[in-house]
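What follows is a single structure, written as structure tokens, with notes after it.
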Amino acid sequence: MDILVCIKRVPDISGQITLDASGRDIDHGALGHTISAHEECAVELAVQLAGASDGEVTILTLGTDDAVEQLRAALAVGANDAVLVETEDPGAYGPEDIAYAIAEVVRTRANDGQNYDLVLVGNDAADTGDFQVGVRLAYELDRPVLTGITLLRLAEETAEVDSAGDGGPTSIEAHGIGPAGTEIFNLPLPAVVAVQEGGVEPRYPSIPGRMKAKKAPLDEVDAPEPVHGNPRVALELPPEQSSTVTILGEGPEAAPALVDVLEEIGVLR
Amino acid sequence: MASIPTQASVVVIGAGIVGNSLVHHLARLGWRDIVQVDKGPLPNPGGSTGHASNFIFPVDHSREITDLTLDSVRQYKELGVFTQSGGFEIARTEERMQELRRRMSSAQAWGIESHLVSPEEVVEKVPYVDAGVIVGAFWTPSVGVVDSVGAGTQMRESAQQLGALTVSPNTEVTGIDVEDGRIARVHTDRGTIATDKVLVACGVWSPRIAAMAGAAIPLTPAVHQMISVGPVPDLAAIPGEISFPIIRDMDTFCYERQHGSDLEIGSYAHRAILHEPDEIPSIDAAKLSPTEMPFTADDFDPQLEQALELMPDVLSNPDVEIRYAINGLLSLTPDGSPILGESPQVKGLWSAAAVWVKEGPGVGRAVAEWMTNGLPEVDVQGADIARFHSHQRTREHVRARTSEAFIKTYGIVHPGEQYESDRNVRLSPMHSRHQELGAEFFEAGGWERPQWYASNAHLLEEFGDRVMDRTAEWDSRWWSPIINAEHLALRERAGIVDLSSFVIFDVAGPRALDAVQGIVVAQMDVPVGRVVYTPVLDEAGGFRSDLTIIRLAHDRFRVVTGAAHGMVDVKWFADRLPDSGAAIADLTSSFTTIGIWGPRARDIVAAVTTADMSNEGFRFGTARTIEVGSLEVLASRISYVGDLGWELYVPMESGAKLWDVLREAGAGHGLVPVGLGVYGTTGRIEKGYRAFGAELDSERTVVEVGMVRPKVKTQDFVGRAAHLRHREEEPKTVLCSLTVDDHTSSTGEKRYMLGGEPIVDQEGQPLVDGHGRRSYVTSAGSAPSLGKHVLMAFLPPAEAVVGNRLQVVYLEERYPVTVASVDATPLFDPANDRIRS
């Protein structure tokens, strides 16, 4: 089973965020870059599934040349090859454009004989949080889609083998966290899945993995011109969070005040 | 927010290893009302100490750095935070093995136990290393790992227990006020502190803080990459945090350090990645800490491959994961030395920056002693912040030199090696002449100085074997036999030298005599026109400089000193002037100096002047203005090459004219242009002239270097009491000149020592003087007039006997040497007939 995982280079937001002079982007100066935790889990799921089904994992991103760093990082934890859909101005692409660009790669590769049974995306991007690409991509590819999925499993008993195709599974078991507990779906393939973190523990790269990543094939294609564009006009920083520390008291005398606070915030009832 | 004291005896900025050891030592030395601020939290405020690798290899080619490291190790041990691990510096190439043999010289010279070992001996102690990729290794059992944050906490707390210190973390310095050139107060986001001393010990942020006071601390934050991999099952099986020696993989510029079940791999092999102090993220904006920048994996990938070669079994395991990877920031300086002492730009602004964990406590003690009484026990003059010439303080220079030097951290650096970047900053007026003559330029203080001239290659034929050519590549790197040919031509005929790089400053005013009299050893109440060569001492009687002073007028003295140390001299004099009545004017860029020496020098100069240049008319040790054509020239009859002749001073713009006139007049006398190879080494070494920084430093006394004069002047001067005491005591060490008796190595090749080599007795045992110092070569060079290679070294007094036969260890082979002089008596022309002829 071959899997395409779509990732997005985003700022590492462990530190305080500031905006750049234009007000339309954050200041990347001192920030490192990463991919979201959802996408890290998507890569991990893909690597595990491909490993169990003798398939391969391709990593895709739309962005500038800088995003190669993120592609290599994903290759270092077990993916087999990567595609950079290159554009000088990724900010000009809205969710519809991105879904279209990914779909173009899926279609092109299908024409070349490379079919992806699964296309994984992160549930929502760590920076823009649009929650849109997965659904729009499924629409574009005319495939079923599940969102909020934390775990994907080759379920032996339910999987039907596609005798006409490459012998791969025709469905997969997908787990998501619903309001009342875990929801389990039997998802026919090919499909699109938006992965949410929490189901698997992404691995760190090993040294051999990192070295393999260096040599792994990386295809660069030009991104199609954005048609719909990005409707973002400006960013605003949220109001600064107050971090006032209130000293409740010292020693045993502080206990009643502490109990009050715990009741107030609902820890004690 | 808690407020901070409104007054302090000193404000220490920074609570890393340096700031913490400083407050400890200041408190121990009696300082009170110390305020220490850091913008970060305690105990790890987020500077370079917090992510340091914390291991210590004591052997360095620099004695000063080694001294600071050994003192630091002693302190870490006292604090109970030192874990001895031992360490290997491994060689993958033959070239590196030679460097390790050279490292053995330094280890022996500084008295540190080290051994060269086989690959098998490495594997015996570090079983996960592949012996197949290494040629050999340098083993130092005393290598260890420290807890620098823990040490700092203890030291800070010891100062607090003495009631000497108020610590204010999470406090950002927002400004520093300077009034009349002095520190007045420090502004922070928690209030203002009145103080007359600020000590900048905040590593990569130091330039930013110094700039608030209008001063420079010329360092740049630079990236040192490191990763941590684990868990390694082989390591996890062994109890203890540090169970294996640390490996420095010298040829790949990497180190591998075990820490529990993890291996830390650090690299100095990548491109130099420099940052700006102002662009380091704030604590809030930083992911880990401000000095742990996002890792740039591409830069590190080649190192992974090399580490994998060295430790294939543990690192190829796919379960061993890269769990931590940073671009850690550290401080680099343009010449690689720390930046210590009081700024020459602002009184009361002290620096203790660009210091590694291995030197931290030693620097803390040295700077605290320096601030207390001006006398650090360890000689740290090579790190003096006053050393920088103005261009060396610029951002551009710092970036150029550190970019070039980063790769030299683990590199094989020849002692004569020249920088390639930011050259041609200061050109003498004769520069185009030198270029036409094919000069090989070496740099000092920004000046381009001819080391030798290709145009003199024809002299090689004339002098034949006397030029003492060298066949070994290392011995002849950054060297040419032409130097020795130029030397012989000077001795036989005459040589002309461009000495534009001299630092020249006048002390002038009604109290000028009092001023210089109080600073230098020699009697300065001399007739106008006298030239005086004199030591400059500190209160303990150690050397701070040696230089020449010309009395130009009753109220004007011209001080002439070298490029390397001259800027420190300027500050030394400026700090000791009376409040009024004497002032200093730096004339370095106003005058060029041309030296002309040799038996024909008089004939040549006499041919271009009407002045009386005869021995009677122009005595040695005098100076006066003469006319050379249309130029007024200050001629000073002294010599650092030990021959008849003059230093001739003219305004910069007339230097080329004077040079041309002398060259033309000298043509018929066989005058040759002579480079600094002669002036700095061969000329002086056969005359036994001492050099500051090599033979002369604050540890050695005037007596020990053999420069005692019959009488001590009655007027007071800095170090007089100590000097008088030294004259009564037996010297603990004696500076000697030795000649090498046989240069033949085991392979039959003649080898020539370059300096730094240990001197041992006939049995190969080290010699230790009364200071506890091992004997080592302080200067080495050809003495072409003698046909000998001469070494200078301090020997224990019992060994300082002319004719005593000893050995010098060069690249792990011993060569016989003989003590030739035990005082300042020159080996060449011992009666100084030439200078006085």
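Here B:D469 qualifies as in contact with a Pro (Cβ under 6 Å, 6 or more places away or on another chain), in a loop (DSSP other than H, G, I, E, B) and modelled with pLDDT of 95 or more.
Within the stretch B:603-620, residues that are modelled with pLDDT of 95 or more reach partners that are of a type in the set (D, E, K, R) and surrounded by fewer than 16 Cβ atoms within 10 Å (Cβ to Cβ) with beta carbons closer than 7 Å, at six or more positions or on different chains, in the pairs B:T609/B:E627; B:T610/B:E627; B:A611/B:E627; B:F618/B:D612; B:F620/B:R836.
Strands (runs of 3 or more DSSP E) fully within the stretch B:187-257 that include at least 3 residues being more than 20 Å from B:G360 (Cβ to Cβ): B:191-194, B:220-230. Taking the stated definitions as given, is B:E256 touching a residue at least 12 places away in the same chain (Cβ under 8 Å) and away from every other protein chain (no Cβ under 13 Å)? So B:E256 does not fit the description; no.
For the criterion of being within 14 Å of chain B (Cβ to nearest Cβ) and either assigned to a helix (DSSP H, G or I) or touching a residue at least 12 places away in the same chain (Cβ under 8 Å) (or both), A:D97 fails.
Scanning the stretch B:171-208 for residues that are under 19 Å from B:R156 (Cβ atoms) and either in contact with a Pro (Cβ under 6 Å, 6 or more places away or on another chain) or of a type in the set (A, V, I, L, M) (or both) yields B:V173, B:V186, B:I193, B:V198, B:L199, B:V200, B:A201, B:W205. Only a single criterion out of (1) in a loop (DSSP other than H, G, I, E, B); (2) under 29 Å from B:A383 (Cα atoms) is not satisfied by B:S737, namely (1).
One line per residue, one yes/no per condition, for (1) under 30 Å from B:S654 (Cα atoms); (2) of a type in the set (S, T, Y); (3) in contact with a strand residue (DSSP E or B) (Cβ under 9 Å, 6 or more places away or on another chain):
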{"residue": "B:L340", "(1), (2), (3)": "no, no, yes"}
{"residue": "B:W350", "(1), (2), (3)": "no, no, yes"}
{"residue": "B:A353", "(1), (2), (3)": "no, no, yes"}
{"residue": "B:E369", "(1), (2), (3)": "no, no, no"}
{"residue": "B:V398", "(1), (2), (3)": "no, no, yes"}
{"residue": "B:L427", "(1), (2), (3)": "yes, no, yes"}
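Restricting B:D465, B:D422 to those that are crowded, with 20+ Cβ neighbours inside 10 Å and free of Cβ contacts under 8 Å to residues at least 40 places away in the same chain reduces the list to B:D422. Among the residues of the stretch B:662-675, those that are surrounded by fewer than 21 Cβ atoms within 10 Å (Cβ to Cβ) and on the phi < 0 side of the Ramachandran plot comprise B:R663, B:E664, B:A665, B:A667, B:G668, B:H669.
Summed over the stretch B:67-87, the residues that are within 26 Å of the chain's Cα centre (by Cα) and farther than 30 Å from B:A159 by Cα give a count of 1.
Filtering B:V705, B:V633 for residues that are among the β-branched types (V, I, T) and out of contact with any helix residue (DSSP H, G or I) (no Cβ under 7 Å at 6 or more places or on another chain) leaves a single hit, B:V705.
Identify all residues within the stretch B:589-622 that are surrounded by 23 or more Cβ atoms within 10 Å (Cβ to Cβ) and over 13 Å from B:G645 (Cβ atoms); write none if there are none. The answer is B:T592, and nothing else. Kindly indicate which of B:R185, B:R190 is without any contact (Cβ under 8 Å) to a residue 12 or more places away in the chain and more than 30 Å from B:D319 (Cα to Cα). Of B:R185, B:R190, the one residue that is without any contact (Cβ under 8 Å) to a residue 12 or more places away in the chain and more than 30 Å from B:D319 (Cα to Cα) is B:R185. For the residues B:G87, B:G80, B:G46, B:G30, the requirement of being buried (at least 21 other Cβ atoms within 10 Å of the Cβ) and at positive phi singles out B:G46. Looking only at residues of the stretch B:156-170 that are on the phi < 0 side of the Ramachandran plot and among the polar types (S, T, N, Q), we find that the one that is surrounded by the most Cβ atoms within 10 Å (Cβ to Cβ) is B:S168. Among the residues making up the stretch A:48-79, those that are within 19 Å of A:I98 (Cβ to Cβ) and under 15 Å from the mean Cα position of the chain (by Cα) are A:T58, A:I59, A:L60, A:T61, A:L62, A:G63, A:A67, A:Q70, A:L71, A:A74.
Okay, residues lined up against (1) more than 29 Å from the chain's Cα centre (by Cα); (2) β-branched (V, I, T); (3) surrounded by fewer than 22 Cβ atoms within 10 Å (Cβ to Cβ):
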| site | (1), (2), (3) |
| --- | --- |
| B:H458 | yes, no, yes |
| B:E473 | no, no, yes |
| B:A485 | yes, no, no |
| B:I496 | no, yes, no |
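Only one entry in B:S118, B:S142, B:S114 is modelled with pLDDT of 95 or more and surrounded by 20 or more Cβ atoms within 10 Å (Cβ to Cβ), namely B:S114. Does the stretch B:648-664 include one or more residues that are of a type in the set (G, A, S), within 12 Å of B:V605 (Cβ to Cβ) and modelled with pLDDT of 95 or more? Checked against the condition, which is being of a type in the set (G, A, S), within 12 Å of B:V605 (Cβ to Cβ) and modelled with pLDDT of 95 or more, the stretch B:648-664 yields no hits at all.
The values are calculated or read from the model by the stated rules, or taken from the named source; none is laboratory data. Just so it is clear, the structure is predicted and the values come from calculations on it, not from any experiment. All Cβ positions, glycine included, derive from the backbone under ideal geometry; neighbour counts span all protein chains shown.
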